[in-house]
Amino acid sequence: MHDGSAGAPAVCGLAHALRCVPMRILSILLLLLPFCATAQDWSARALGEIAVYPEFRAPASVVAGEEARIAAEVGARIVAMPARTGVEVARGTELVRLDEAAFRIERDRARAQVALIDSRIGLARAQLDQARALAGRGFISADGLRIRETELGVLQRERDAARAAQAATELALARTVIRAPFAGVVRERLAAVGDLAAPGTPMLSLAASAGAEVHARVPAAQIDGLLAAAPPVLVAGGAEHALRIVRVSPVLDAAGQARDVILAAAPALPPGLAGELRWRSVVPHLPAAYLQQREGRLGAWLVRGGEPAFVALPDAQAGRPVAVDWPADTRVVDAGRFALGLRAPTAAAGGSR
């Protein structure tokens, strides 16, 4: 390998020899002097000494595992809302109570209807038993007996319908009390006591207190690097929170060419926290300062066979570090690299990523 110390003796020796040659030869040698200096004045460093491992960032936020807008299922006036904003509630806790008077009336009416039909069925069954006894002695025809049996069957079907109607009224009555479908925190109240609620009217917003996830939208080109990197962190609220990748959405956003990455934190983070997802690449990157353009291609100068050789990097972008798959001991031309290849072209070596 050559280094910068070899340049000075060569120049001094050449200057001493110039005193002993004719002026014509002197002029030729002076023209060749820059070539000699350029070819000698360079040094190299190992890739491991200059490689950088860039940090990547993507916007991220903490999303509740479950979040629901609790709505009324029946129409009635709101008479109580014991759950206040910011209060933690357990599953099954009463959140809203609606006026149930009309629903109790309908339930009682359905119960009375079932009881009425049960009484008619009792009478029809007794008449059928009497008709069977009379038919056995020939006092009632077979058609008369079938009529009694049909009447009993019709009443039994009517009772089934009445019982279904009763169940519907009891369900409607039960829905006048709205309970928490999961343990969580009341994020927002969307109604107030005295409001008239219709079916579908939002009452409040409830966010689950467990199972929160971190959602980040990462450019598709950086997904592989994220999966191979060290565990990422969420930087938010002036603190760093260690994360673990749970899954990567297979759906690609057409507009931003990005994919959703879902991560988990331990301990759990509060929903709504927003910040940046950060991760550091484990692949060595050649600093942008070492990139040069030769013959319309971006690349870098490596030492091959003791001499600098230009290696094109197809994925390189001006002003940005480029990922390389070279060994850590690869010698990269450092000092004097900008003068190489400007006057005397050097054969390009094979490209690398």
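The values are calculated or read from the model by the stated rules, or taken from the named source; none is laboratory data. These numbers were taken from a predicted model, which means no experiment stands behind them. Heads up, the Cβs are rebuilt from the backbone with ideal geometry, glycines too, and the neighbour counts pull from every protein chain shown. Protein only, heavy atoms only, side chains kept; ligands, DNA and RNA dropped before computing areas. Shrake-Rupley method; radii C 1.70, N 1.55, O 1.52, S 1.80 Å.
When all alpha carbon pairs of segment 100-175 are counted in 5 Å bins from zero, the resulting P(r) reads 3, 17, 18, 14, 13, 10, 8, 6, 5, 3, 1, 0 %.
For the chain, the fraction of 1.4 Å probe accessible surface lying on carbon and sulfur atoms is 57 percent. A simple charge model with +1 on the Cβ of Lys and Arg, -1 on the Cβ of Asp and Glu and nothing else charged puts the dipole of the chain at about 340 debye relative to its Cα centre. Once both axes come from the Cα atoms, what is the angle between helix 142-174 and the longest principal axis of the chain, in degrees from 0 to 90, rounded to 10? Approximately 50 degrees, to the nearest 10.
Here the Karplus relation 6.51 cos²θ - 1.76 cosθ + 1.60, evaluated at θ = phi - 60°, turns the backbone of segment 200-215 into coupling constants of x, 5, x, 9, 7, 10, 10, 10, 5, 8, 10, x, 5, 10, 9, 10 Hz, with x for every Gly and Pro.
Taking all protein chains into account, the per residue accessible area for segment 225-353 stands at 53 Å² (1.4 Å probe).
Using every pair of separate Cα atoms, the Kirkwood estimate puts the hydrodynamic radius of segment 92-133 at 13.4 angstrom. Report summary: the helix-based calculation at 222 nm, which adds -39500 (n - 2.57) for every DSSP H run with n ≥ 4 and divides by the residues of the chain, gives -10500 deg cm²/dmol.
Taking 7 Å steps out from each Cα toward its Cβ at Glu240 and Phe139 produces label points 10.0 nm apart. Of the options (i) 169; (ii) 257; (iii) 120, only one is volume of the Cα convex hull per residue in Å³ as computed from these coordinates, and that is (ii). When Val186, Val251 are compared by accessible area at a 1.4 angstrom probe, the order from most to least is Val251, Val186.
Look at the alpha carbon pairs under 8 Å that are at least 6 residues apart: their mean separation over the length of segment 100-175 gives a relative contact order of 53 percent. Going toward the positive end of the dipole of segment 130-280, with +1 on Lys and Arg Cβ and -1 on Asp and Glu Cβ, which of Val251, Gly275, Leu234 do you reach last? Result: Val251, furthest along the dipole toward the positive end. Remark: spin-label model distance Leu171-Ala210 equals 2.9 nm, labels positioned 7 Å along the Cα→Cβ axis.
The residues of segment 100-175 present an accessible area of 65 Å² per residue when probed at 1.4 Å with all protein chains retained.
Extent along the principal axes, Cα only, for segment 202-353: 79, 31, 23 Å, with the longest axis given first.
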